[in-house]
Each structure stands twice: as structure tokens, then as C-alpha cells.
1. Relative contact order of region 9-158: what whole-number percent is it, with Cα pairs under 8 angstrom and at least 6 residues apart?
2. Would you mind ranking 62, 27, 134 so that the residue whose beta carbon has the fewest other beta carbons within 10 Å leads the list?
3. Counting other C-beta atoms within 10 Å, which of 99, 42 has the fewest, and how do the rest follow?
4. Under 8 Å for C-alpha pairs, at least 6 residues apart: give me the relative contact order for region 57-115, rounded to a whole percent.
5. Starting from the 7 Å offset along Cα-to-Cβ, what nm value, one decimal, do you get for the label separation of residue 24 and residue 104?
6. How would 44, 119 line up from fewest to most surrounding beta-carbon atoms within 10 angstrom?
């Protein structure tokens with residue numbers, strides 16, 4: 001069955017996502033896209049602000065987990081620096097590794113959310129897996145001309161509920 005990739009929540013950035021709001025939504029596992037969601041493509045290490053935000057999630061009992069399509073060592077580097085789990089080469093919008101991750105973590109879809117900057121990968125993956133979806137404005141809209149075109153094509157889904 002086809003479902004439109006309309007996010008449950010649209011935010012300016014991840015920092016608008018407060019642990020208390022996630023707890024109220026029943027979220028205990030938060031899957032996080034890396035590139036252009038948590039950090040710029042060029043970032044090698046997480047910022048202090050990102051570290052503090054991740055620590056706040058952990059203190060609230062929410063498990064942050066990097067779930068990225070990146071094909072480099074960046075996901076591992078960020079995960080190690082933030083002391084969180086990760087999967088790279090996630091294959092989003094396919095749901096195979098997402099489903100496997102939920103099973104390994106003992107997490108239920110209704111207690112899981114995915115956060116990302118792309119509708120056709122992050123949001124579509126979450127919608128297909130039956131989890132809550134949160135889209136943020138990309139950190140750098142001009143990083144890649146292909147992504148700029150994709151972001152333009154995503155506008156109807158981003159602004160459906162604004």
C-alpha cells in the first residue's frame with residue numbers, strides 16, 4: 001500500500017526537538033540522520049551544541065541512534081564521539097535495516113521516531129516502517145546541486161501541514 005511521505009512534524013532544526021516533547025509522544029528510540037541533519041557534510045566532529053543536545057536526550061531516557069546512508073567513516077566517528085549506536089549505509093528509504101534495528105533494540109514502532117532532512121529518504125523510510133517522522137530544514141541547502149533539486153521536489157510534502 002502506497003503512503004505519501006508527509007512528515008508528522010516539521011522543524012527548523014533538531015534543537016527545536018525537546019526531550020520532554022519526545023517523552024510526551026512516547027518516543028524512547030530516536031533514529032537520527034547524520035548528513036545535513038546533525039551536522040554539515042563537511043563536519044568531522046560533533047559540535048558542543050550537538051553533544052549537549054544528545055546528552056539531554058539520554059538524560060530524559062531517550063536513546064539517540066545514528067541511522068545514516070553515509071558510505072564513509074563519518075557515522076562511526078560521530079557515533080563514537082557522541083557515545084551512541086549507529087548504522088551507516090542504512091539504505092533509506094528501504095526499511096530492512098530499520099526493522100532489524102528495532103528488533104535488536106527491542107523497540108516498538110509506536111515508540112520510535114526518525115529525524116532527517118530529506119523527505120524521499122528519511123521520511124519515506126519512517127512512513128513505510130510505521131514510525132513517527134520528523135523532518136528538519138537542511139543545514140546547508142547548497143552543499144550539493146542534486147540535493148538542492150531534491151529539496152525543491154520535496155516542498156509539497158514539507159509544507160502540507162504548515
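1. Working: 253 pairs, mean separation 42.2, N = 150.
So the answer I get is 28 percent.
2. Details: 62 20, 27 24, 134 27.
By the 10 Å Cβ count, ascending, the order reads 62, 27, 134.
3. Working: 99 14, 42 8.
Fewest-to-most ranking of 99, 42: 42, 99.
4. Values: 51 pairs, mean separation 15.9, N = 59.
Value for region 57-115: 27 percent.
5. 3.3
6. Values: 44 10, 119 25.
Listed from fewest to most nearby Cβ atoms, that is 44, 119.
Taken together, the values in this text are just the output of simple stated rules run on the coordinates, not laboratory data. As the structure is a computational prediction, the values presented were derived from the model and not from experiment. Glycine gets a Cβ as well: all are built from the backbone with ideal geometry, and neighbour counts include every protein chain shown.
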